[in-house]
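*Asks:* Okay, here's the structure, questions in a sec.
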Amino acid sequence: MRNLLILILPALFALGPTACSIYKVDIQQGNTLEVQQVNELEPGMSREQVVYLLGTPLLRDPFHPGRWDYVYNFKPGGGEPESQHLTLYFENGSLAKIDRSAFVDFNKIYAPTGSGRADTASQSTGGDRGPAPPQPSPGGGGLPMP
C-alpha cells in the first residue's frame, strides 16, 4: 500500500494545479425575466394575463395576497452572487403597481463561467420539442396483440 502511494503522489504533483482543482457549479434559482417581458406589463392587467406573460411568481405571501414577488438568483461557480427582484401589487384582481427598483435584466446577470459548455439558458425547458414520434398502430405490424 505504501509503495502504491509513493508511485501515485509524484504523478499527481506532476500534473500541476489542474489535477487537484474542484469544479464549482453555476447555481440558478427563481424566475428568469427579461426587460422585454417586464416592459409589456401594464396597470389594469388581470392576474391571468400577468401569469401568461411572466409565469407564476416565485413568492406568493399568504398574508399579502395582492403582492407577487418574482425573484431570481444566480451564483456563478466561484463568483459573487447576483439577483433580480420584481414586485407586483394587485388591487381587486388587477395589476395596480409595478416595483422595478431591484430589477436587473436576466441577460445582464446570467453569464456562464464554464468554457466549452453549451448555453442552456436559451433552450426551451419543455413544450417545444417538435412533433411527436409516430406511434405504431394497435393492430398493424409490430408484436402480436394477446
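The values are calculated or read from the model by the stated rules, or taken from the named source; none is laboratory data. Note that the structure is predicted; figures quoted are calculated from it, not measured. Reconstructed Cβ throughout: ideal geometry from the backbone, glycine too, with neighbour counts over all protein chains shown.
*Asks:* Considering only region 94-110, state which residues are assigned to a loop (DSSP other than H, G, I, E, B) and either modelled with pLDDT under 80 or in contact with a Gly (Cβ under 9 Å, 6 or more places away or on another chain) (or both). I'd like the intermediate steps shown before the answer.
*Replies:* Kept after step one, since they are assigned to a loop (DSSP other than H, G, I, E, B), are these residues of region 94-110: 100-105, 110.
Passing the criteria: V104, D105, Y110.
*Asks:* With respect to R47, determine if the residue is of a type in the set (D, E, K, R), without any contact (Cβ under 8 Å) to a residue 12 or more places away in the chain and touching a strand residue (DSSP E or B) at 6+ places or on another chain (Cβ under 9 Å).
*Replies:* Working: of a type in the set (D, E, K, R): yes; without any contact (Cβ under 8 Å) to a residue 12 or more places away in the chain: no; touching a strand residue (DSSP E or B) at 6+ places or on another chain (Cβ under 9 Å): yes.
Judged against the criteria, R47 is not a match.
*Asks:* Only one of (1) at pLDDT 85 or above; (2) surrounded by 14 or more Cβ atoms within 10 Å (Cβ to Cβ); (3) closer than 16 Å to F103 by Cα is not met by Q36, so which one is it?
*Replies:* Checking Q36 against (1) at pLDDT 85 or above; (2) surrounded by 14 or more Cβ atoms within 10 Å (Cβ to Cβ); (3) closer than 16 Å to F103 by Cα, the one that fails is (2).
*Asks:* Right, another one. Starting from residues that are touching a residue at least 12 places away in the same chain (Cβ under 8 Å), farther than 15 Å from E40 by Cα and of a type in the set (D, E, K, R), keep the ones in region 67-103 and report whichever is surrounded by the most Cβ atoms within 10 Å (Cβ to Cβ).
*Replies:* Looking at the filtered set, the residue picked out is D69.
*Asks:* Right, another one. Select, from H64, H85, the only residue that is outside any loop (DSSP other than H, G, I, E, B) and either over 14 Å from Q28 (Cβ atoms) or at pLDDT below 75 (or both). Step through it out loud before you land on a result.
*Replies:* Working: H64 fails: outside any loop (DSSP other than H, G, I, E, B).
Within the list H64, H85, the selection yields H85.
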